[in-house]
1. Whole number in Å², please: accessible area per residue of segment 2-223, 1.4 Å probe, ligands, DNA and RNA not counted.
2. Which cross-chain or sequence-distant (5 or more) residues have an amide H under 5 Å from the amide H of V138, H modelled 1.01 Å from N in plane?
3. Given segment 1-157, what count of lysine pairs have C-alpha atoms under 12 Å apart, with each pair 8 or more places apart or on different chains?
4. Once the chain is represented by equal point scatterers at the alpha-carbon sites, with solvent omitted, what log10 I(q)/I(0) does the Debye formula produce at q = 0.10, 0.12, 0.17 Å⁻¹?
5. What is the sum of charges around I93, taking Lys and Arg as +1, Asp and Glu as -1, for the other residues whose C-beta is under 12 Å from the C-beta of I93?
6. Just to be sure I understand the curve: with the Debye formula and one point per C-alpha of segment 1-111, what is log10 I(q)/I(0) at q = 0.13 Å⁻¹?
7. At 0.36 nm per residue, and after removing the present C-alpha to C-alpha distance, how many nm does the segment from K24 to F58 gain when stretched out fully?
8. When only DSSP loop residues count, what chymotrypsin sites (Phe, Trp or Tyr not before Pro) in segment 9-97 have their Cβ near at most 11 other Cβ atoms within 10 Å?
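The values are calculated or read from the model by the stated rules, or taken from the named source; none is laboratory data. No experiment lies behind these values; they were computed from the predicted model shown. Reconstructed Cβ throughout: ideal geometry from the backbone, glycine too, with neighbour counts over all protein chains shown. Side chains are part of the model used for accessible areas, which takes the heavy atoms of the whole protein and leaves out ligands, DNA and RNA. Shrake-Rupley method; radii C 1.70, N 1.55, O 1.52, S 1.80 Å.
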Amino acid sequence: MRIVFDIGGSVLVPDDPDVDFIGKVAYELIKISEDHEVAVVVGGGKVARKYIKAAKTFTPNETFKDYIGIHITRANAMLLIAALGEKAYPFVIQDFRKAWEVIQLKKIPIMGGTHPGHTTDAVSALLAEYLQADLLVVVTNVDGVYDSDPRKNPNAKKLDRITFDQLVEIAMQAESKAGGSGVVDALAAKFIQRGKIKTYIVGKKDAYHLFEVVKGRHNGTVVEP
Ligand code: U5P
């Protein structure tokens, strides 16, 4: 299979870099890459938000702040590259076609952000579409997709299986309420729907066992037709 991983910045770097987790993810990715083609997109998470908030003091320019966010995603990506050692291409990839080229070299391409105006969720969905990936695995800080925000509603139910259309619907609802319910952002959901990309949305606990996750053994949400 060809598999794209979307690893949230707050999962990799909650406050400080979670070096144990980064090491474990690298170990699992190397194991997976023995049987599959692998590409990874890393997010900026909480650290990016802190920088963007600080920059607000000086500029109202949203695009400028997105560029700051992109830099943070790339710093996080460099940490994963360091952990992957020889198996990773040593530069953060900025173009989907280059990611394809790196896969042909039997290395793992690691991307962060690309352009202002969206998040790394959207980047990973587009990368999966471009690479015609068999599977997109989204690792986020909620352990799947819920019918409402589990941080606010104790009765929120996790959904084991949803369709592409349901994902879009839930992502749009979550976005309009701000805060989210553990889903990818609405633009990414649209790309997943458009590309008909089979997607697993899993939490950090499952991400310690990515080798099992790609076999479908996880407690997250499966998104399929
Ligand atoms: N960002 C972009 N373009 C990208 C990826 C990220 O502008 O392709 C910026 C956004 O401001 C985003 C922030 O909120 O970096 C951190 O990325 P993420 O953790 O939200 O994916």
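1. Heavy-atom SASA per residue in segment 2-223 reads 49 Å².
2. Close amide H contacts, sequence-distant or interchain: D6, Y200, I201, V202.
3. 7
4. So the normalised log intensities work out to -0.40, -0.58, -1.23.
5. Net charge around I93: +2.
6. These q points yield log10 I(q)/I(0) values of -0.49.
7. That pair, K24 and F58, stretches by 8.4 nm at full extension.
8. Sites meeting the loop and neighbour criteria: F58.
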